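Note sheet for the following structure.
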Amino acid sequence: MSETRELEVALGERRYPIRIGRGLLGDAAALAALVPGRHALVVTDAHVAPHYLPLVEAALGGKQAGTLVLPPGEQEKTLARFGEVMAALAALGASRDATVLALGGGVVGDLAGFAAACWMRGVRFVQLPTTLLAMVDSSVGGKTAVDLPEGKNLVGAFHQPAAVVADTATLATLPPRELRAGLAEVVKYGALGDAGFFAWLEAHADALLARDDATLAEAIARCCAHKAGIVARDETERGERMLLNFGHTFGHAIETQQGYGGLLHGEAVAVGMVLAARLSARLGRAPAADAERLAALLTRLGLPTTIPAGLDPAALLARMRLDKKAVSGTLRLILWRGLGQAEVVDTLPEADLLPVLSA
Ligand SMILES: NC(=O)c1ccc[n+]([C@@H]2O[C@H](COP(=O)([O-])OP(=O)(O)OC[C@H]3O[C@@H](n4cnc5c(N)ncnc54)[C@H](O)[C@@H]3O)[C@@H](O)[C@H]2O)c1
Ligand SMILES: O=C(O)C(=O)C[C@@H](O)[C@H](O)[C@H](O)COP(=O)(O)O
Ligand SMILES: [Zn+2]
């Protein structure tokens, strides 16, 4: 096992660790220690299970443990699958001291986390992220949810994990498209609040795409530190945390409009960030050169930067109205003052959005 980095999310009296390192899922004693009660349910998906489930099951040898292997993909982040997790907890006879372990990407993490938030009104939950996106973003911060056909993450809860264990060795089996989707959320941290990190990403883009372990671990740690800070200051998204939604109002509208079977979440966020940046430039709020620098980095990372053909702008706008940040019927967007400087804007007329959605 190589060096393990340990960070912490501090929420007043509550705190939990984020461990990042190669081979962490092989440390059976450390994993077992994260399950203090008798019952454990491991939720994972069919791509992840053959590679990593045996490691987790071995660690839970002394427990009354169950496993639920779901079909993979965003289209499975549904109330129906949530019901299956409930049924698995019931079949296990899981008591209030049970632990739900999410082994997989953001889909499994969001779904299993929401189940943990609801079972007996809330049980312990551990995140074992196996995608880059989950390591840098979804496993941290306690946003859990499922999608509805009407919109992304519309049913959910804030429910913090007890620990996050990111074994970077799992990234070796991640398909290249999924790695690139994760890099979109990595770029997001630089774009929204850290121009120095953005420049670092420009310098290390090739190493990231080549999955250099040290470079990936550094990027994961920097993103987690950034997110942990924001979540510590604004756990339930009353203000600053909205910045983590940079690119998401556009991105979620695209994902929903495509029935969750088109662009991946990270890809849709890449498009959304470029739209938000170019809109900001057009409104004179941000330098156009910064918007193009953002688009150039995302393109270099193999990510899309334009809305997929055939999506109706008016339909996208209608989807955006159901965004969770909107208040009293007014859209709230995360716009930009330039690299490293995102801002919340709720005074933008909808008419300004249609040209961006039509471009
Ligand atoms: N809660 C949050 O704060 C938050 C943050 C960002 C994204 N999200 C959510 O996360 C989801 C996207 O997560 P994702 O990008 O991880 O997608 P995902 O969970 O669908 O995983 C991507 C794909 O990779 C496979 N996979 C996962 N790990 C693997 C591995 N190590 N080796 C081989 N295959 C592997 C999965 O089976 C799946 O097919 C979206 O639903 C998004 O809304 C939530
Ligand atoms: O943690 C947050 O806060 C985020 O917004 C992170 C996003 O990357 C993530 O996609 C999140 O699930 C979006 O949340 P939502 O509230 O817009 O559904
Ligand atoms: Zn996201």
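The values are calculated or read from the model by the stated rules, or taken from the named source; none is laboratory data. Predicted model only: the values in this text are computed from it and were never measured. Cβ atoms come from the backbone with ideal geometry, glycine included; neighbour counts cover every protein chain shown.
Residue by residue, here is whether (1) assigned by TED's automatic domain parsing to the domain that holds residue 149; (2) farther than 27 Å from residue 239 by Cα; (3) buried (at least 19 other Cβ atoms within 10 Å of the Cβ) holds:
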site	(1), (2), (3)
301	no, yes, yes
307	no, yes, yes
316	no, no, yes
336	no, no, yes
349	no, no, no
353	no, no, yes
If you check 232, 286, 221, 228, which single one turns out to be more than 30 Å from residue 11 (Cα to Cα) and away from ligand 3 (no atom under 13 Å from the Cβ)? 286
Flag for residue 48 being within 22 Å of residue 260 (Cβ to Cβ) and either within 15 Å of ligand 1 (Cβ to nearest atom) or of a type outside the set (Phe, Trp, Tyr) (or both): yes
Which fully enclosed helices (runs of 4 or more DSSP H) of segment 209-324 have 2 or more residues being under 21 Å from residue 189 (Cα atoms) and among the charged types (D, E, K, R)? 213-233, 265-282, 288-300
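Let's see how each residue does on (1) more than 11 Å from ligand 2 (Cβ to nearest atom); (2) at positive phi:
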residue	(1), (2)
110	no, no
113	no, no
153	no, yes
166	yes, no
173	yes, no
Sole residue being closer than 24 Å to residue 11 by Cβ, surrounded by 24 or more Cβ atoms within 10 Å (Cβ to Cβ) and either within 15 Å of ligand 3 (Cβ to nearest atom) or within 17 Å of the chain's Cα centre (by Cα) (or both), chosen from 107, 136, 155: 136
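Quick check on segment 215-261: of everything there that is basic (Lys, Arg) and within 12 Å of ligand 1 (Cβ to nearest atom), which residue is farthest from residue 107 (Cα to Cα)?
Among those that are basic (Lys, Arg) and within 12 Å of ligand 1 (Cβ to nearest atom), it is 241.
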Those residues of segment 115-133 which are within 13 Å of ligand 2 (Cβ to nearest atom) and surrounded by fewer than 20 Cβ atoms within 10 Å (Cβ to Cβ), in sequence order: none
I'm checking my understanding of the structure. Among residues of segment 235-259 that are touching a strand residue (DSSP E or B) at 6+ places or on another chain (Cβ under 8 Å) and more than 14 Å from ligand 3 (Cβ to nearest atom), which one is nearest to residue 157 (Cα to Cα)? 236
Please find, within segment 38-56, the residue that is nearest to the chain's Cα centre (by Cα) out of those that are surrounded by 19 or more Cβ atoms within 10 Å (Cβ to Cβ) and more than 21 Å from residue 174 (Cα to Cα). 41
Within segment 4-17, is even one residue over 14 Å from residue 164 (Cβ atoms) and among the polar types (S, T, N, Q)? no
Test of understanding: among 269, 344, 274, which residue is touching a His at 6+ places or on another chain (Cβ under 7 Å), under 29 Å from residue 77 (Cα atoms) and modelled with pLDDT of 95 or more? 269
